[in-house]
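Below is one structure, written out as structure tokens; the observations come after it.
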Amino acid sequence: MIELQQTIAQHISEALQNLYQIMVAPAAILLQPTRKEFAGTFTFVTFPYTKSIGKTPDIIGVELGKYLKENTAEVYSYNVVKGFLNLEIDDGVWANVFQQIASDPDFGYSKIKKSKVVVEYSSPNTNKPLHLGHLRNNFLGYSVAEILKANGHEVVKVNLVNDRGIHICKSMLAYLYFGQNETPESAGIKGDHLAGKYYVLFDKAYKSEIDELVSSGMEVEKAKKEAPLMRQAQAMLQKWEQGDENTIRLWQQMNGWVYAGFDETYKNIGVDFDKFYYESQTYLLGKSTVEEGLAQEVFFKKPDGSVWVDLSAEGLDEKLVLRADGTSVYITQDLGTAELKYQDFSYDSSIYVIADEQNYHMQVLQAILKKLGKSYADGIHHLSYGMVDLPSGKMKSREGTVVDADELVAEMIETAHQQTDELGKIEGFTEIEAQQLYHTLAMGALKYFLLKVDPKKRMLFNPEESISFIGNTGPFIQYTHARIAAILRKAAELHIPTHVEAFAEVQSFHETEREVITQLATFPNVVQEAANLYAPSVVGQYAYELAKAYNRFYTEVSIFQETDPAALSFRVTLSKMVAQNIKRSMRLLGIEVPERM
């Protein structure tokens, strides 16, 4: 499609020169897709040329259209709507385009090797299970990584686990007080859920202590610092950093439970990683970076011994990088992790998939690395995304109001089960096949709904809307693939060929066939745009538009009643290419498509 667009731009450049003696480089000729209500593939806007040519936009459009129709093989016809020149491409061109698509087994994927990219996503805390916000993070990170791979980049998917810090100590302390040696096995729940249970228990007990202190006359802010549980949690953190044997043993035990729970969730939602980093292994490197910054006078100490950096020249503020008691803060370990990632992979760019609540934090991280003179600082990119809401409002894990990822996935699978059974889409399935279909549809609905929206936008998740088989949903696209798979099975039984020679004679197309070929041809552009913007939503919209175009073709054009062998072979091959592109598009989103429904 890019080559065809470049060819048309070249012809328009020549037309402007020959008709009006105006020199415009082909690269400066802007073409846009023709709006669906008008005939055409490309639209050229003539308004910018009225002054230099001295004619109205409509007259320029008509004269250019007539020239292109008479002097090029590509333009079959044209129409002008208020200065917009809509160009219809000759069917012979579409035949050649389709033959190229059908002949390329890697159509749409870049064959040129590009840069090395590290994509960091998920980044869970080991004091609670994954929730709905984590799902958007995981799906976005995984999809961006796959899209970058398809665009020719060498990609490393990493997960930085926040396995240390005051919040982890809160769960550990609550377990010491209330746990009574409970284990995931004895409780009958996943380890990450068990840790989350004690995080909530800590918060409840901590709030009770604050209320007690306030009722005795202490100010709220002071009560928050002086509450016995908070002081004990801070003492536990210091013990951990000092390597206290009992503290480390409890930390290892509870984190081990959580990791097993995370692994189960990751497998269930279909995401993976090439490498895990743990903040317990990077915070010391971060402390070394702080010492390095002090030596360079990038950082400074305050009278209480805490270490800070002044970023006012960068339009930011002063930032704490090490507490007065010597314990690290988030930015400390982030400095260490950034250094370690670069040591490991010598990346060209490092993408951090982190919610927009951390926009300032990421600006600070990059600014500090630049002040430290780190060569990789400019390669850092924060893929900021909006939070996910439900009708009940914002989620707070410490209060136990979080929408648990495992429970949400289970509910989605049950909803898929009910809707699929009601629509009668599992006839002839074994129980195992049916369960697999429910899971495939549920994950398709969930992932597509969360990824079809621009990452930067805050969104409201609607489970019922996401699982629908009608409209811009994952199940609609999945069902289209299953429909085509059934057509291809029948075609195979009828021994209908799908190699290029079988349909090479076809040189004219139905309007809907043209539309499908156009959609197929834009796939490489879509992959490139999605990679450039770090936006899976671009791929999602493409998959939906392709499915819509195919369903229109399926409704208006007969496949198996076609008597011309070449036309029959073409329509089966067209269906095959659509199925292939739907599968490829959805896999870039981390979504599987069923062969039967």
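FYI, it's all coordinate maths here, none of it is from the lab. None of the values given here were measured: they were computed from a predicted structure. Here the Cβ positions follow ideal geometry from the backbone for every residue, glycine too, while neighbour counts run over all protein chains shown.
I need the Debye-formula profile for the chain: one equal scatterer per C-alpha, no solvent, reported as log10 I(q)/I(0) at q = 0.05, 0.07, 0.12 1/Å, two decimals. The Cα Debye sum returns log10 ratios of -0.31, -0.57, -1.22. Shape class for the range 43-99: prolate, because the ratio a/c of the largest to smallest gyration tensor axis (alpha-carbon atoms, square roots of eigenvalues) is 1.5 or more and a/b beats b/c. Each residue, N246 and D564, gets one label point 7 Å from its Cα in the Cβ direction; the gap between the two is 8.6 nm.
Between rounded, prolate and oblate, where does the range 121-399 land on the alpha carbon gyration tensor, with a ≥ b ≥ c its root eigenvalues, rounded for a/c under 1.5, else prolate if a/b exceeds b/c? Before the final figure, lay out each step's value.
Values: a/c = 1.68, a/b = 1.15, b/c = 1.46.
Here the range 121-399 falls in the oblate category.
In the range 195-325, one over the average inverse separation of all distinct C-alpha pairs is 18.5 Å, which is the Kirkwood hydrodynamic radius. Binning the C-alpha pair distances of the range 405-588 at 5 Å intervals from 0 yields a P(r) profile of 1, 8, 15, 17, 18, 15, 12, 8, 4, 1, 0 %, listed from the shortest bin outward. Placing pseudo-labels 7 Å out from each Cα toward the beta carbon at S208 and R587 gives an inter-label distance of 5.5 nm.
The stretch between N96 and E501 holds 144.6 nm of extra length on full extension. This uses 0.36 nm per residue minus the Cα-Cα distance. When the range 121-399 is described by a simple charge dipole with +1 on each Lys and Arg Cβ and -1 on each Asp and Glu Cβ, the residue from N151, G379, Y360 located farthest towards its positive end is Y360. Under the convention that each Lys and Arg Cβ holds +1 and each Asp and Glu Cβ holds -1, the size of the dipole of the range 405-588 around its Cα centre is about 580 debye.
In percent, how large is the relative contact order of the chain, given Cα pairs closer than 8 Å and 6 or more residues apart?
Contact order relative to length: 15 percent.
Gain on full extension, evaluated as 0.36 nm per residue between D421 and E221 minus their Cα-Cα distance, stands at 66.5 nm.
Pairs exceeding 31 Å between alpha-carbon atoms, taken from K128/K583; K197/K239; K239/K457: K128/K583; K239/K457. Kirkwood analysis of the Cα pair distances in the range 498-597 returns a hydrodynamic radius of 14.4 Å.
If you build the convex hull over the alpha carbons only and average its shadow over all orientations, what do you get for the range 336-495? Give it in nm² to one decimal.
On the way: hull surface 58.9 nm².
Mean orientational projected area (the range 336-495, Cα hull): 14.7 nm².
Dipole check for the range 478-541: with +1 at the C-beta of Lys and Arg, -1 at the C-beta of Asp and Glu, and the Cα centre as origin, the magnitude is about 280 Debye. Taking the Kirkwood radius as Rh and the Cα radius of gyration as Rg, the range 255-306 has a ratio of Rg/Rh equal to 1.27. Using C-alpha pairs under 8 Å with a sequence gap of at least 6, the mean separation divided by the residue count of the range 2-120 gives a relative contact order of 20 percent. Projecting the Cα atoms of A9, P33, V45 onto the charge dipole of the range 2-89 (Cβ charges, centred on the Cα centre) puts V45 farthest toward the positive pole. Just so you know, the averaged projected area of the alpha carbon convex hull for the range 2-89 sits at 5.0 nm².
Please give the length that would be gained between S306 and D263 if that part of the chain were fully extended, namely 0.36 nm times their separation in residues minus their C-alpha to C-alpha distance (nm, one decimal). Before the final figure, lay out each step's value.
Numbers: separation 43, 0.36 × 43 = 15.48 nm, distance 3.75 nm.
Here the segment from S306 to D263 would lengthen by 11.7 nm.
Taking amide H atoms as placed 1.01 Å from N in the peptide plane, the amide H of V329 lies under 5 Å from those of R323, each 5 or more residues away in sequence or on another chain. Every helix of 4 or more DSSP H residues in the chain counts as -39500 (n - 2.57), and over all residues that averages to -18500 deg cm²/dmol at 222 nm. Exceedance of the 24 Å cut-off in Cα-Cα distance is limited, within the set K36/K456; K490/K576; K204/K302; K114/K275, to K36/K456; K204/K302.
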